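Data first, discussion second: the structure below is written as structure tokens.
The values are calculated or read from the model by the stated rules, or taken from the named source; none is laboratory data. Source: prediction; values computed, not measured. Here Cβ is always computed from backbone atoms with ideal geometry, including for glycine, and neighbour counts include all displayed protein chains. Surface accessibility is based on the protein's heavy atoms, side chains included, excluding ligands, DNA and RNA. Shrake-Rupley method; radii C 1.70, N 1.55, O 1.52, S 1.80 Å.
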Amino acid sequence: MRLTPTLVERTLNQFEAQAIPDNHPAVPELNRIFGDHTFFLDGNGLHIVEPAAGDEEGSASGKVVKLAS
């Protein structure tokens, strides 16, 4: 899922990584392979945020998913 700037900031407050900017040359290929997401990179690999299963209606929680090491 693509995150708003506010959600990117909230994610980075809880997860030590760097958001890959949308204008980075690798983003079109990442989107082609993994879908339209905000991508995060840290020392352990490439990550995205997916909506958390079983969320209560109106909540905005998600889970970090590692795509590659």
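The set of residues in segment 30-54 that are open to solvent by less than 20 Å² (accessible area, probe 1.4 Å) and touching a residue at least 40 places away in the same chain (Cβ under 8 Å) comprises 48, 49. Evaluating residue 6 against the criteria (1) part of a loop (DSSP other than H, G, I, E, B); (2) modelled with pLDDT under 95 leaves one unmet condition, (1).
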